[in-house]
Structures are given as structure tokens and as C-alpha cells.
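Input: a single structure, listed below in C-alpha cells.
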Amino acid sequence: MFHVSFPKLEPKVLAIKLTATGERSIRSHHPWIFTDSIEKINKEGDSGDIAIVFSQRKNKAIGVGLYDPDSPIRIKMVHFDSGEKLNSDFFFKKIKRAFSLREELLKTNTNSYRLLFGENDGFPGLIADVYNHVLVVKLYSAIWFPYFETILKVLIDISGSTCAVLRLSRNIQNNPSYNLNEGDVLFGNLNKEVVRFTEHGVNFSANVIKGHKTGYFLDHRANRRQVGLLSKGMKVLDVFSYAGGFSVHALANGAKEVTSLDISKQALEIALENGELNDYSGSHYTIAGDAFLEMQRLITEGKKYNVVVVDPPSFAKSAKETTMARKKYAQLAKLGVQLTAKKGMLVLASCSSRILAVDFFRINTEELKASGRLFKTMDKTYHDSDHPVSFPEGAYLKCGYYRFSD
């Protein structure tokens, strides 16, 4: 069935007791147990060992996780409230439940979706995306190798995929003990590494072997559709456009003119190619350069757009970067206001999990008020339905829609 040999690993079973703080965290179904929350462990664990967490008072199993000696998050939880055997039936039920949350989305003209969203679907450090008929699984932790063959069979069965590709994070690449490599085609045939897919009737492509993450960013799907609906007959600016998600939806929905701005020339080429996968009559322009500098240049030139989308990459990878991130978001909001035409729509987004939604929206509102222009907040959106959130740190995406009246 598969083109590779999977590692034959036999996980040990560990017995764990936590501090009072750690136990409260587990009882609230938080998926992360840090090293300093472990009070007792019966033996040293290896990556992927089964960690059964017992309660302090009654010595009763209250959850099951996977042990990760290479991370400060020492145990990643996969089950709560009792003990559980991690067999094919266990994984089938979890993946089936995750798929059921995506079924409404798949009733639309969409064949690309996130089937497993890491911790939020009970699979910490594991992502599974489907592009048309191709399943792309990305592993961020070696804890999954003992169970990977079993999980992959279930993912293929439930998704109906005819091909499966493996992507690995840098920290677990090139490890000969696992016999698996970045970009391996695990199942079926991949005729081209660039796979075409559809979201809400608009055609795109993803390079599932060399593309960023699994090849594309699926989380903004609903926002891309919304921007498309706002763009008929409009002049649109897509800042940090990457592969042209917002740009292509705008063009496919009848935008008069779309400008994609990104620092990567290669990404802009993909944006143009994605546009060509659809029928459109508007003009598609690109600008390669630093977004802050190019936005200021456009302002200096007196350019205005009916719809302006600003969707930057994460500015806060760590806690120490949050102050600078807030300043950058404020600066982008200020620049965006100046580029938005009278009665235009400014769309501001953030994917920095360390910047809370309430802070992000507050920053936007303050900058818009400081501009002196009259505006109304039309909408605040979060993750699409295939990116459910089950714990606070799992939420990262937020997007605000601001309509100007002058």
C-alpha cells in the first residue's frame, strides 16, 4: 500500500503524576504539560512513549498523552478524563470526528481543507491538509512516528485521497532512524508537485513538495471569499499577498483592477499563475518589495483603492517580540487608512497568536480614529470552520473589516 517502510517503534507506557497546577490544567482539557508540572514519573521516557496521567488523590487515570523529551512541553495530551488504548479504533474515532466538523464546508464548491488542526483536533504537532485528491501530512514532532502508519491509513480512508505526501519540520528532518524524508510521496502517484484545487468556486494551486507549510494557507478561506464578494467593479490592493489568495478571489469576482504586493518575486509569480487558473477581465498588477516602504510610496504617489487588504505574516514568534509587533500593526493600519478610498473598505488581519484579538482590534480602532476619518467596523472574523479552536493558545487568526464613510 505504501511506498516507504515505516519505523518499527514500540512505545513504553509511563505513569505520570502532576503538580496541583498541572492537574488543574489537564482537568480543563489543556493539551500541554510542561516539564515543571511533572511531579513524578516512573521511568525515563522516549519520544512517543504513552504517558498516562494519574490523579493525586484517587490515583485514577485522568488523561493520556505522548511523551516528548525534546520539548519543554514534555507531554502532549491526546485524550482526557480517563485512560485509553492508542490503537487504530482510537485514532479512527478521533479523525472521523474531525472530518465531521468539515462536512458543511465540503458541501460548498471547495475541495481543499484542513482535516487535522494539531492540538485543536487532539493531534498535537500534526497537521493534515487535503488539496483536491492529495493528502499532505506535516509532522512537527517525532512523538507521532510510532503511530504514523496507523494514522495515515485512517486519514487516507476517511478523506478518500488517492495520494499522500509527507512534510517534516526542520527539527525532525534528516534523522536516519525514522527512514522518512521531507517530501516523500508515501502513497499513490503524484504526477505534478503543483496540485490544483478549488475554494468556493475559485481555482488555486499548491506546491505540496516545496511550498511553505503544506503548500498553501487554508485558514483565511472565508475571508478571501468575503473580500471577493466586496470586490466586484473595484480597485483592490492586496498587501503581503503571497500566492495571491485575496487577489485571485477579487479578480474571479469581477474586480476592475488588483495589485498584489509582496516581498517575494517568486510568490508574486505564483499569484499571477493562480489568477490565470480562473476567468477574469480585470487587470492584475504586482509590486515586489518591502510592504511598509511600498505602501508609503503608493501614498506619496496619491494612489487610492476601494478595497485594501493587509494580511502580514506573524510579527511575534516569541513573547519578547510582542511590543514591536503591536507597533507594526499600528503602522500598517495607519498606512492602510491612507490608501483606502472614500467609502472604501480596509481589511486588517493578524496571525500572531501572541497578540490577542482584543488587543489587535483595539490597535486598529485607535489608529483609525486617530486618522480623523469616519468609519464603521463592519465585521470581526476568526478561523474558518476547518480550523477549530479548543484551547486559548490555539487561536491566532483575527480579521477586521472597516468601512469608511468619507
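The values are calculated or read from the model by the stated rules, or taken from the named source; none is laboratory data. What you see is a predicted model; the values in this text were computed from it and never measured. For neighbour counting, all protein chains shown are included, and Cβ atoms are generated from backbone atoms with ideal geometry for every residue, glycine included. SASA here: full protein model, heavy atoms, side chains in, ligands and nucleic acids out. Shrake-Rupley method; radii C 1.70, N 1.55, O 1.52, S 1.80 Å.
Please name whichever of LEU180, ILE263, SER5 sits farthest to the positive end of the charge dipole of the chain, dipole taken about the Cα centre and charges placed at Cβ: Lys and Arg +1, Asp and Glu -1.
Of the candidates, ILE263 comes out farthest on the positive side.
Taking H placed 1.01 Å from N in the peptide plane, check which residues at least 5 places from ASP184 or on another chain put their amide H under 5 Å from its amide H.
LEU166
Pop out the ³J(HN,Hα) list for segment 88-96 in order, Karplus 6.51 cos²θ - 1.76 cosθ + 1.60 with θ = phi - 60°, rounded to Hz; leave Gly and Pro as x.
Each residue's phi maps through the Karplus curve to give 4, 5, 4, 5, 4, 5, 5, 6, 4 Hz.
Could you tell me the calculated FRET efficiency between ASN189 and GLU104, based on Cβ-Cβ distance and R0 = 35 angstrom, to the nearest 0.05?
0.70
Please list, ordered by chain and number, the residues whose modelled amide H lies under 5 Å from the amide H of SER55; skip anything fewer than 5 residues away on the same chain.
LYS60, ALA61, ILE62
For the chain, what does the accessible surface come to per residue with a 1.4 Å probe? Please give it in Å².
In whole numbers, the chain has 45 Å² accessible per residue.
Cα centroid distance between segment 274-296 and segment 1-49, in Å?
Segment 274-296 and segment 1-49 have Cα centres spaced 47 Å from each other.
Roughly what would the spin-label model give for SER314 and LEU356, points 7 Å off Cα along C-beta, in nm?
So the label points at SER314 and LEU356 sit 1.9 nm apart.
Which is farthest toward the positive dipole end of the chain among THR323, HIS133, TYR216, measuring Cα position about the Cα centre, with Cβ charges +1 (Lys, Arg) and -1 (Asp, Glu)?
THR323
Once segment 319-367 is represented by equal point scatterers at the alpha-carbon sites, with solvent omitted, what log10 I(q)/I(0) does the Debye formula produce at q = 0.19, 0.21, 0.29 Å⁻¹?
Reported log10 I(q)/I(0), two decimals: -0.60, -0.71, -1.16.
What does the extension gain come out to for ARG24 and LYS265, with contour length at 0.36 nm per residue minus their alpha carbon separation?
81.9 nm is the gain from fully extending ARG24 to LYS265.
In what sequence, highest mean first, do 14-23, 143-152 appear when ranked by Cβ atoms within 10 angstrom?
Order by mean packing, descending: 143-152, 14-23.
With a ≥ b ≥ c taken as the square roots of the eigenvalues of the C-alpha gyration tensor of segment 274-353, please select rounded if a/c is under 1.5 and otherwise prolate if a/b is larger than b/c or oblate if it is not?
Because a/c hits 1.5 or more and a/b exceeds b/c, segment 274-353 counts as prolate.
Treating only the Cα positions of segment 257-406 as identical point scatterers, give the base-10 log of I(q)/I(0) from the Debye formula at each q in 0.09, 0.13, 0.15 Å⁻¹.
The Debye formula, applied to the Cα set alone, gives -0.31, -0.65, -0.87.
Over 22 Å between Cα atoms, which of LYS328/LYS380; LYS303/LYS342; LYS138/LYS328 qualify?
Beyond 22 Å: LYS138/LYS328.
I need the phi-derived Karplus couplings for segment 70-81: 6.51 cos²θ - 1.76 cosθ + 1.60, θ = phi - 60°, integer Hz, Gly and Pro marked x.
Calculated HN-Hα couplings, in order: 9, 9, x, 7, 6, 10, 9, 7, 10, 7, 10, 5 Hz.
Along the principal axes of its C-alpha atoms, what lengths does segment 191-306 span, in descending order and rounded to whole Å?
Taking max minus min along each principal axis of the Cα atoms, segment 191-306 gives 46, 28, 22 Å.
Please list, in chain and number order, the residues 5+ apart from THR259 or on another chain whose amide H is under 5 Å from its amide H, with Hs placed from the backbone.
Long-range HN contacts for THR259: VAL236, LEU237, ASP238, TYR285.
So, in nm, how far is label LYS376 from label THR35 when the simple model puts each one 7 Å beyond its Cα toward the Cβ?
It is 5.4 nm.
Which ³J(HN,Hα) values, rounded to whole Hz and listed in residue order, are derived for segment 349-366 from phi using the Karplus coefficients 6.51, -1.76 and 1.60 in 6.51 cos²θ - 1.76 cosθ + 1.60 with θ = phi - 60°, glycine and proline given as x?
10, 9, 10, 8, 5, 7, 9, 5, 4, 4, 5, 4, 5, 5, 4, 4, 4, 4
Using only the Cα atoms of segment 1-107, build the gyration tensor, take square roots of its eigenvalues as a ≥ b ≥ c, and label the shape rounded, prolate or oblate: rounded if a/c is under 1.5, else prolate if a/b is larger than b/c, else oblate.
The shape class here is oblate.
How much mean residue ellipticity at 222 nm does the chain get from its helices, if each DSSP H run of length 4 or more adds -39500 (n - 2.57) and you divide by all residues, to the nearest 500 deg cm²/dmol?
Mean residue ellipticity, 222 nm, calculated: -8500 deg cm²/dmol.
What dipole magnitude, in Debye to the nearest 20, does the chain give about its Cα centre under +1 on Lys/Arg Cβ and -1 on Asp/Glu Cβ?
1120 debye
Just the number, please: carbon plus sulfur as a percent of the accessible area of the chain, 1.4 Å probe, no ligands or DNA/RNA counted.
Answer for the chain: carbon and sulfur cover 50 percent of the accessible area.
Rank TYR305, HIS387, ASN59 by how far each Cα sits towards the positive end of the charge dipole of the chain (+1 on Lys, Arg Cβ; -1 on Asp, Glu Cβ) and give me just the farthest.
TYR305
Grab the Cα-Cα distance for ALA15 and SER88, subtract it from 0.36 nm times how many residues apart they are, and report the gain in nm with one decimal.
Gain in length upon complete extension: 24.1 nm.
Viscosity 1.306 mPa s, temperature 10 °C: Stokes-Einstein D of segment 344-406 from its Kirkwood Cα radius, in µm² per second?
The Stokes-Einstein estimate is 127 µm²/s.
Enter the per residue convex hull volume of the chain, computed from alpha-carbon coordinates, in Å³ rounded to the nearest integer.
142 Å³
Just to compare against my own numbers: the Cα pair-distance distribution for segment 80-202, 10 Å bins, whole % per bin, please.
Calculated P(r), rounded to whole percents: 12, 44, 34, 9, 1.
If you find the alpha carbon centre of segment 99-143 and of segment 319-342, how far apart are they in angstrom?
So the separation of the two Cα centres works out to 31 Å.
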